[in-house]
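For reference, the structure is listed below as structure tokens.
The values are calculated or read from the model by the stated rules, or taken from the named source; none is laboratory data. Owing to the predicted nature of the structure, the values given are computational and were not obtained by experimental measurement. As a convention, Cβ positions derive from the backbone with ideal geometry for all residues, glycine included, and neighbour counts pool all protein chains shown.
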């Protein structure tokens, strides 16, 4: 009896798509979790006061957050898939455009002034803050500069001098708006980049000392800045004036206890706490979700820091290493400065909480920053996590 021929079973085609490194998945997951938390907390922090002041359904700031968040996610996806080489080539143009926009802010009739600060361009709800774009442009510029001439990091005449010249000019323009918070974020980020690049600690200490003196002089020459510094030292002595916002933020966090009073149940956000949906959204989180909510938020930022630095360690070129470290430092420095200001550990600076606070410019630029970081993580073919 002849054997029966068995039909050939074709093997399933193997997927050509390589799995993403663990760092990529951690960064993307943490970012999406922060965005989800941001949408919930922006609505919670803004809806009640919006209803009381202007009526409507109280979703105005939520719609704005979701709209600009969607735009930011499109940019994130585009940058995560590719374009790093193009971005490195257009860095000089991006830096030049950022400087031109910062100068345009200073022109009366073009720059938009809000509460005595001239930081924005545009009109109505479509306003853009050039200092946010400058943050990303400076990290790209600094990473490229420090990567090309690593042997000149030991003196001010080498790479450090040009970087301080360009970075110092940007910091002065931003601080004169005035926006000391964004200026400090840039300064801390560039300092972290210089440290990672191998600049001697003695030289960094000298630069930091000169910078601290300049910041102190900048604060003391304006009475309101000096008042803020005094209020930071003892906010309760100025609870009815310059220390009002700081005190109300501390009351909100203290009222939340360990697990909070419940989502949407904050009292401070309605009657007392200014900028509850922007700079002080962490105080609302502390009141409604308690210490547990704040710790959960810090855990997500910690994941970004961990995965970002692992991405830098696994990068195959010096430029990619410095860029990954700089982008990670930018996100963490801004988050840390906001957290410290809300908890009373630093003077009020007006810096938004990355991915959480309502704010179109910051949200879009932070998501673009994460897109570049995801691109760098996806390029790492060797998995270093154990």
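Odds and ends about this structure:
- Which listed residue, of 316, 328, is over 18 Å from the mean Cα position of the chain (by Cα) and farther than 29 Å from residue 50 by Cβ: 316
- The residues listed here are 104, 93, 78; of these, the one that is more than 16 Å from residue 359 (Cα to Cα), modelled with pLDDT of 90 or more and surrounded by 13 or more Cβ atoms within 10 Å (Cβ to Cβ) is 78.
- Candidates 242, 261, 247, filtered to the one that is farther than 19 Å from residue 46 by Cα and not in a helix (DSSP H, G or I): 242
- The condition of being surrounded by fewer than 21 Cβ atoms within 10 Å (Cβ to Cβ) and either within 26 Å of residue 76 (Cβ to Cβ) or touching a residue at least 12 places away in the same chain (Cβ under 8 Å) (or both) holds for only one of 163, 184, 126, that being 126.
- Residue within segment 287-296 that is under 16 Å from the mean Cα position of the chain (by Cα) and more than 25 Å from residue 149 (Cβ to Cβ) present: no
- Number of residues in segment 280-324 that are out of contact with any helix residue (DSSP H, G or I) (no Cβ under 7 Å at 6 or more places or on another chain) and part of a loop (DSSP other than H, G, I, E, B): the value is 2.
- Verdict on residue 319 being modelled with pLDDT under 95 and either surrounded by fewer than 24 Cβ atoms within 10 Å (Cβ to Cβ) or closer than 15 Å to residue 196 by Cα (or both): yes
- Unmet criterion (only one of (1) outside any helix (DSSP H, G or I); (2) free of Cβ contacts under 8 Å to residues at least 40 places away in the same chain) for residue 202: (1)
- Checked against the criterion of being under 15 Å from the mean Cα position of the chain (by Cα), in a helix (DSSP H, G or I) and farther than 21 Å from residue 192 by Cα, segment 344-360 has at least one qualifying residue.
- Matching residues, segment 213-243, being surrounded by 11 or more Cβ atoms within 10 Å (Cβ to Cβ) and modelled with pLDDT of 85 or more: 214
- Here residue 20 clears all of (1) under 17 Å from residue 311 (Cβ atoms); (2) modelled with pLDDT under 95; (3) assigned to a helix (DSSP H, G or I) except the condition numbered (3).
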